[in-house]
Protein chains: 6
Amino acid sequence: MLRIIFLLSLLFALSNASVQDFCVANLKRAETPAGYPCIRPIHVKASDFVFSLGTPGNTTNIISAAVTPGFVAQFPALNGLGISTARLDLAPKGVIPMHTHPGASEVLFVLDGSITAGFISSANSVYVQTLKPGQVMVFPQGLLHFQINAGKTPAAAFVTFSSASPGLQILDFALFANTLSTELVSATTFLPPATVKTLKGSHRFISLAKTKSKHSP
Amino acid sequence: MLRIIFLLSLLFALSNASVQDFCVANLKRAETPAGYPCIRPIHVKASDFVFSLGTPGNTTNIISAAVTPGFVAQFPALNGLGISTARLDLAPKGVIPMHTHPGASEVLFVLDGSITAGFISSANSVYVQTLKPGQVMVFPQGLLHFQINAGKTPAAAFVTFSSASPGLQILDFALFANTLSTELVSATTFLPPATVKTLKGSHRFISLAKTKSKHSP
Amino acid sequence: MLRIIFLLSLLFALSNASVQDFCVANLKRAETPAGYPCIRPIHVKASDFVFSLGTPGNTTNIISAAVTPGFVAQFPALNGLGISTARLDLAPKGVIPMHTHPGASEVLFVLDGSITAGFISSANSVYVQTLKPGQVMVFPQGLLHFQINAGKTPAAAFVTFSSASPGLQILDFALFANTLSTELVSATTFLPPATVKTLKGSHRFISLAKTKSKHSP
Amino acid sequence: MLRIIFLLSLLFALSNASVQDFCVANLKRAETPAGYPCIRPIHVKASDFVFSLGTPGNTTNIISAAVTPGFVAQFPALNGLGISTARLDLAPKGVIPMHTHPGASEVLFVLDGSITAGFISSANSVYVQTLKPGQVMVFPQGLLHFQINAGKTPAAAFVTFSSASPGLQILDFALFANTLSTELVSATTFLPPATVKTLKGSHRFISLAKTKSKHSP
Amino acid sequence: MLRIIFLLSLLFALSNASVQDFCVANLKRAETPAGYPCIRPIHVKASDFVFSLGTPGNTTNIISAAVTPGFVAQFPALNGLGISTARLDLAPKGVIPMHTHPGASEVLFVLDGSITAGFISSANSVYVQTLKPGQVMVFPQGLLHFQINAGKTPAAAFVTFSSASPGLQILDFALFANTLSTELVSATTFLPPATVKTLKGSHRFISLAKTKSKHSP
Amino acid sequence: MLRIIFLLSLLFALSNASVQDFCVANLKRAETPAGYPCIRPIHVKASDFVFSLGTPGNTTNIISAAVTPGFVAQFPALNGLGISTARLDLAPKGVIPMHTHPGASEVLFVLDGSITAGFISSANSVYVQTLKPGQVMVFPQGLLHFQINAGKTPAAAFVTFSSASPGLQILDFALFANTLSTELVSATTFLPPATVKTLKGSHRFISLAKTKSKHSP
């Protein structure tokens, strides 16, 4: 009997103090530098802590590859926990092009197939390895890296990041798929203007496609 | 005269920049991973920085002990300052049962009486000491620990944590006082199902008591 | 020609500044609160960034399960990168017993089979889910959690942590497999002394085995 | 063609995940311990990342000096980026009086003239240097420091801080320009009460000036 | 039997991974920005986690007060745990003079007597309170603050800090007890040179005393 | 007299506790994830806190530009203080090519001339501005950015970073000036192999030059 009294009083006394175990993101509220405001613990369900990366992404595209992110924006329970996830799928000849994550280190675990992965350090050294299923590779924060299917069968990997919101800057997009002028790209990369124009060419369709979709009824 | 002009202009120029000295929590607003939104400095009073832990907690209960927390939820001025407080009271034979603070290290200062305290490390080593008034013991973050009255008189301690919201997971509650099934508890702890059922028994009264209090007029 | 002069001079000027991209641990040196001292970048090889978790752990044991860690102590390239890895293997009826990681949140990705996993919050709520291959579950830092094989076939999972050195405190070990006396365990957990003694019994063989191995030629 | 499909789908998939590249402060919303809530990226303009410190501050005042801050409150794009700026201007004989930044280290770059700068450590050592244009001095977090024009011409400096909201506590203000009683100031600083009263005297005009401006039509 | 095999193998596999539970400082080794290198866990004793602040400091001095620190330098188990301790003793009329902790917030718990404590914010607001035994006050990081015995009996307090190495800058020492010239002190504080000289006078004996003690046989 | 006794005893009691005000790097010792070990405070001189960026870098090179870093490797007093510096010089038509700092945000202050600077976000938006002397621009951590002389006269800037060791990855070097094969560069960037070969061509001289210098007497 006394035990119950104790338990009840202690539970009530502490109920507010333990919210910070987790902070499932309320994505409708404005983000802060530390992440999103939390939804109230009473509205959190066990299933909020589960996310599915079981379905391979669609690799029927120019890079024969797909990235399926499980960052805080897709998996709100990660908010404030300093970790996030993604799935990579690479058809034969598939490539996850050169990119960086400005805010996180990455660990990659090969699920299927064979993947050649590499990164380049600030000191301009190259670290490339070909990985088999069950092998893990780590990519330090903010450095350029890539993954390529090294075999003749589909490859897949599960990746995690040391931040709930690691960011993703794909080099090809950053240089050729936005409003940065050919002149500036060429001047800052030493690429010939003609090459820049060609690469920007295919990307120009994007804004076109976007614009069209705006105007289509 | 010129001094005043300087002072006034500088004070106005900087008045917004200095808010982050402190950030007294607005507990009515949704928490973020870094804590609560701040109330405006103009509404902060000197007394907001003071909290009372002078009254011993009620130890007339099954554990003959009481924890009185001064976490951010009770003491909003701690918000964002990376520190919080509590008071422990232990009647003779009193026990603060095995527990962890998932988000903070703890420092305990014995006020009165004699306390046997200990923690267990990840490497499964045991660190137990019996403390007198004026002695301090530190408990590293996230490890199981406990405090027991080691004397025949009441004991008390002032404790602080390296987080404004350290959390508190009491082992006995976590295993026996919620919806976790006897089967799962037994399977994951190697405790005999009969023992688990007995311990869950007393806790079953809690939900009962809660339910009752809802229905009582 | 001038380009080369530029490149050379810039490379030399900056070569020291970029060490902190990564800091592969020198495990022979004393650790610090932020991790191990780094080995010199010139001694770092691409293969240092790769670790193998492809081989299932040996599950021929009392829990029918195995944990294969890839923490900084096994995978030194993780030092300072805020992330680490492990592999879980669960034979049918296998159990990863109730445990905490004092220093990290955890993400679990199911590779094979079906796993029932759960954690208990500071507010004493229970979050349990049964997961299929490709599903991910996140366990917030420092909270008690467990994994059980939910199917009739072997199950496996790849897990990552938000720290290079997450720690691992297994409840069963912490309570029953060390020098903590039956009296203290019973007093702080409310378990009957007889139950504690029985559970400590099997563990007593450990120190025996350890002692023997010291004396064996 | 396929490339475009890929690009579009990837862009849409990731658009929410990349907000945390930056978090331009919404100064109208309540601050949190980690900074202000972000304005939506769609409303962020290139010019938001630019701030002007090109105009010398007005040094026609008692200290013959001016501080022009570019903290998060003036330059909202700094929110969450862990860095901020200011400009110092010192007429001949100008002095930035003894002060601290409670939340940041400081780097000072001399633009014009000659500046004698110094700080005092916790161990009570004094580090004073006279700097010329192009020289940089670093002041560790939270320590008392000052800058004085060491020449006969105007001096200026650009300073940055290791926090978006470094705070600024000017010793003279803290002791003499607020409601702290002469008795308390004298008791805690060992300054003679008469000296304290004299120094508080000139500051008393501040509240007067403030009060007046409230009442003036 | 199988249980033992499991336990032994798991214990050995993980023994290195769990060092970071704690990192007791090896004070003989060079510090790093994150603290001291750790001593090996095998050399850590339970008593290393205990420190005594039970003996009042000697208050027979000019300020009728004493500070007894339990920082990482005195209490090495605090290394890396983000928390530290101290004891304050104030005889009647005792004063802990105006000071800052550049690297930590502080929580003060009054043990005996009555203490008037206060701090001054960056925005130049004053927060002063008179505290009784059992009351707690928090002082935000880096701000000037003080404690004075408010009663006619001895007063004492237990304080903790949100850093293992909070630092301590005493205003009176910083201005008057080192090599900073009267000219610089006066110019940067607006104190009359005569006052500065008087206050420096008593401090000049320090170097004298120090010098003497070097030469005395 | 009593004052002196107090001062001496307090100074000695605290002398070890205050080291962490600063931690001037001992560059001869192995780095840790948090920076270098500190040199002993007794060996630290006031001039250690000063660094010179007053001399323009040599812009007689292919990019007509120069970066002069003042990172922890060049300016050891920055160790652990979370801030560092550099100077940019751009002759007419000078370019600081596209690059990232994996570990820091950057603030740029224009000293002379006119600079067009820009960065690209994870969401692939472009933020470009042309800056005049006295203007400041901030570049969020880890994102591709560049600076170009926008005028006909030399330009210069003082830059600071939110880390003592921000790193620097120059895109042109990372892609073309190391052992990364033409095949991998082309596959991961979509650049035509011929273009890659041409750009790698000029860089091939680097290793040649390096090799030569090794063999030259």
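Amide H of A:GLY142 versus every other amide H placed in the peptide plane: which residues, excluding those fewer than 5 positions away on the same chain, fall under 5 Å?
A:HIS101, A:ALA104
Taking amide H positions as placed in the peptide plane 1.01 Å from N, state which residues far from C:THR85 in sequence (5 or more) or on other chains have amide H under 5 Å from it.
Distant-sequence amide H within range of C:THR85: C:GLY70, C:PHE71, C:PHE161.
Label-point separation (nm) for A:THR55 and D:HIS43, each offset 7 Å from Cα along Cα-to-Cβ?
My value for the distance between the label points is 3.4 nm.
Rounded to whole Hz and in sequence order, give me ³J(HN,Hα) for the stretch B:138-147 from the Karplus expression 6.51 cos²θ - 1.76 cosθ + 1.60, θ = phi - 60°, writing x for Gly and Pro.
Those phi angles translate into 10, 10, x, 3, x, 8, 4, 8, 7, 9 Hz.
Using a 1.4 Å probe on the protein heavy atoms, what percent of the accessible area of the stretch C:48-166 belongs to carbon and sulfur?
Using a 1.4 Å probe with all protein chains present, the stretch C:48-166 comes out at 52 percent carbon and sulfur.
If you take the square roots of the eigenvalues of the alpha-carbon gyration tensor of the stretch B:48-169 and sort them as a ≥ b ≥ c, do you get rounded (a/c under 1.5), prolate (a/b over b/c) or oblate?
oblate
Using a basic spin-label model with each label point 7 Å from the Cα along Cα→Cβ, how many nm lie between D:THR153 and E:GLU183?
2.2
What residues have an amide H closer than 5 Å to that of D:THR32, excluding those fewer than 5 places away on the same chain, when H is modeled at 1.01 Å from N in the peptide plane?
Amide H neighbours of D:THR32: B:CYS38.
Holding the Cα-Cα limit at 25 Å, pick out from B:LYS200/C:LYS200; D:LYS197/E:LYS197; B:LYS45/B:LYS132; D:LYS197/E:LYS132 the pairs that are longer than that.
B:LYS45/B:LYS132; D:LYS197/E:LYS132
Among the trypsin sites (Lys or Arg not before Pro) within the stretch F:136-205, which fall in a DSSP loop and have no more than 15 other Cβ atoms within 10 Å of their own Cβ?
Answer by residue number: F:LYS152.
In Å², and per residue, what accessible area does the stretch B:48-169 have when probed at 1.4 Å with the other protein chains present?
Averaged over the residues of the stretch B:48-169, the accessible area is 25 Å².
Can you list, shortest first and in nm, the gaps between the label point of D:LYS93 and those of its counterparts in the other copies, using a point 7 Å from Cα in the C-beta direction?
In nanometres, ordered from closest: 4.1, 5.2, 8.1, 8.1, 9.3.
Considering only the other residues whose Cβ falls under 15 Å of the Cβ of F:HIS43, what net charge follows from Lys and Arg at +1 and Asp and Glu at -1?
Net charge in that neighbourhood comes out at +1.
In whole Hz, what ³J(HN,Hα) sequence does the stretch E:75-80 give by Karplus (6.51, -1.76, 1.60; θ = phi - 60°), x for Gly and Pro?
Values per residue, Gly and Pro as x: 10, x, 5, 6, 3, x Hz.
Size of the dipole of the stretch E:48-169 about the Cα centre, Lys and Arg at +1 and Asp and Glu at -1 on the beta carbon, nothing else charged, in debye to 20?
Dipole of the stretch E:48-169, to the nearest 20 debye: 260 debye.
Would you kindly derive the ³J(HN,Hα) couplings of the stretch E:176-185 from the backbone phi angles with the Karplus curve 6.51 cos²θ - 1.76 cosθ + 1.60 (θ = phi - 60°), listing them in order in whole Hz, with x for Gly and Pro?
Here the 3J(HN,Hα) series is 10, 10, 8, 7, 5, 6, 3, 4, 5, 4 Hz.
Kindly state, to the nearest 0.05, the FRET efficiency for A:THR130 paired with F:THR198, given R0 = 30 Å and r defined as their beta-carbon distance.
0.60
Any idea of the total accessible area buried by the C-B contact, 1.4 Å probe, rounded to 100 Å²?
3400
Got a sec? Which residues in the stretch A:118-140 would a label at A:ASP112 touch, if it sits 7 Å along Cα→Cβ and we count backbone N under 18 Å?
A:131-135, by backbone N distance to the label point.
Which aspartates and glutamates have a Cα less than 14 Å from the Cα of A:LYS93, not counting those fewer than 8 places away in the same chain?
The reachable aspartates and glutamates, counting only those whose Cα sits under 14 Å from A:LYS93, are F:GLU183.
The values are calculated or read from the model by the stated rules, or taken from the named source; none is laboratory data. Note that this is a predicted model, so its numbers are computed, not measured. No Cβ is skipped: glycine too gets one built from the backbone with ideal geometry, and neighbour counts run over all protein chains shown. Only protein heavy atoms, including side chains, enter the accessible area calculation; ligands, DNA and RNA are left aside. Shrake-Rupley method; radii C 1.70, N 1.55, O 1.52, S 1.80 Å.
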